[in-house]
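A short write-up of the structure that comes next.
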Amino acid sequence: MMMEEACEEQPEMVSHEEAVQAEKEATASLPPSVGTTPPKVQVPPTLEAPSPLPAFLTKTTSSSPGTPQTPVTKSSTPSQPVRSPVSSAAPESPQIPHEGKSEVPPPQPAPEQEIVKPQGGGQGLFGWISGNSLVNKMVEKTKSSMESVITTLDPGMKQVINSGGDVEVAVTSTKDNKVVPVREAFQSVFGKATVTGKASQATTAAQPVGFTAGLKGAEERISNLRKSGSVPDGQTVVSVEGFIVEILPDRWFEMSCLVLKDPSHGIELQTFSQPTLIPAEYVLKAQDKTPSDYPLKWAGLAVTIGEVIEEAQPHIGHADWQMVLSGVSRRQSLLLAAQSLAFMYKERLPTSFVS
């Protein structure tokens, strides 16, 4: 009995394979040591993987336009998405393809606006006004409008406003129907001109007949005016002389001869006004009233056509009978002829004098 108990208390023999297997099981059951790899951090399932930046933000632009740009290349190691325990794989954001040749041009600087400086020598507000063409045009228009209003309210102010300048003209008459048209014509052509009337008479017939007689009468008026000393030797003088002429058989017309002489520049011009038809009976009456022994009969008649018309029709008068017979006053016909004369005179003047 004692021998059996002693045999039971002896330890059981373990083979080498069993010892190795037991050691492995014990090692597996132990917690991880300090040197082992830490476990992966799990991202909450609500967060998604960040998407890569656009290609144009990852490029680097050089400071100078001539330096070549080096595109940014991707890393060779592909990025692995973080897996969550709930979903098998997080959705990947599409990546923008990156090409080395496609480059976004740098923004061009805005062109600088050129500042126009006034040409005038003055500075400040007055210098800007004097050099600004728009302001000058507005001033000229305002001035023209004011002059128009003034001359409308007081026609006599037109002579005062437009007088002056380098052009001075004397007319060999003091009658308004001669002086006013010449003044308006020269002021319209030159801008400013001083035109005055001076009394002068011709030595030809009272009513010149023919172009030659009209021209001679205008020249005599200028010659007599210079002899009287009423004007300087170099003064420009314009003379107006009316005459009648038979342009067609039994068709008589009244015209005016305008002569300009400027001794300072050696200019001499002639022109004629438009013809006005005269009824033949008035010419016959003027011929009947001219004596046969009239000393200037070779140049014309002893009485004017205006006197004959006034005698026959007193309500018409001799001053402006052209308006009644043709609808155009003598002042209007002289204005057109004087404008043509002033324009030809301006064209022949030296450039320095006109400017």
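The values are calculated or read from the model by the stated rules, or taken from the named source; none is laboratory data. Everything quoted here is computed from the prediction, not taken from an experiment. Every residue, glycine among them, receives a Cβ derived from its backbone with ideal geometry; neighbour counts consider all protein chains shown.
Descriptive notes on the structure:
- The combined condition, being of a type in the set (Asp, Glu) and either within 26 Å of Ile222 (Cβ to Cβ) or surrounded by 15 or more Cβ atoms within 10 Å (Cβ to Cβ) (or both), is not fulfilled by Asp293.
- Checking each residue in the range 268-299 for being in contact (Cβ under 8 Å) with a residue 60 or more places away in the chain and either in contact with a strand residue (DSSP E or B) (Cβ under 7 Å, 6 or more places away or on another chain) or not hydrophobic (A, V, I, L, M, F, W, C) (or both) picks out Leu269, Thr271, Phe272, Ser273, Gln274, Ala286, Tyr294, Lys297, Ala299.
- Restricting the first member to the range 309-329 and to residues that are touching a residue at least 24 places away in the same chain (Cβ under 8 Å) and buried (at least 16 other Cβ atoms within 10 Å of the Cβ), and the second to residues that are part of a helix (DSSP H, G or I) and aromatic (Phe, Trp, Tyr), the beta-carbon pairs closer than 6 Å and six or more apart or on different chains are Ile309/Tyr282; Ile309/Trp321.
- Every residue from the range 216-274 that is over 20 Å from Leu296 (Cα atoms), surrounded by fewer than 16 Cβ atoms within 10 Å (Cβ to Cβ) and among the charged types (D, E, K, R): Lys227, Asp233, Asp250, Arg251, Glu268
- Members of the range 183-242 found to be touching a Phe, Trp or Tyr at 6+ places or on another chain (Cβ under 7 Å) and either among the aromatic types (Phe, Trp, Tyr) or closer than 16 Å to Leu341 by Cβ (or both), listed by number: Val189, Ala193, Val195, Gly214
- Residue match in the range 259-273 (condition: more than 30 Å from Asp166 (Cα to Cα), in the same structural domain as Arg226 (by TED's automatic domain parsing) and over 39 Å from the mean Cα position of the chain (by Cα)): no
- Flag for Val303 being in contact with a helix residue (DSSP H, G or I) (Cβ under 7 Å, 6 or more places away or on another chain) and over 12 Å from Pro208 (Cα atoms): no
- Some residue of the range 196-214 being within 17 Å of Tyr345 (Cβ to Cβ), assigned by TED's automatic domain parsing to the domain that holds Ser273 and not small (Gly, Ala, Ser): yes
- Selection within the range 164-176: residues that are within 21 Å of Phe343 (Cβ to Cβ) and surrounded by 20 or more Cβ atoms within 10 Å (Cβ to Cβ). The member of this set that is farthest from the chain's Cα centre (by Cα) is Thr172.
The rows are residues; the columns are (1) within 44 Å of the chain's Cα centre (by Cα); (2) part of a helix (DSSP H, G or I); (3) among the basic types (Lys, Arg).
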site	(1), (2), (3)
Lys178	yes, yes, yes
Arg183	yes, yes, yes
Leu215	no, yes, no
Arg221	no, yes, yes
Lys227	no, yes, yes
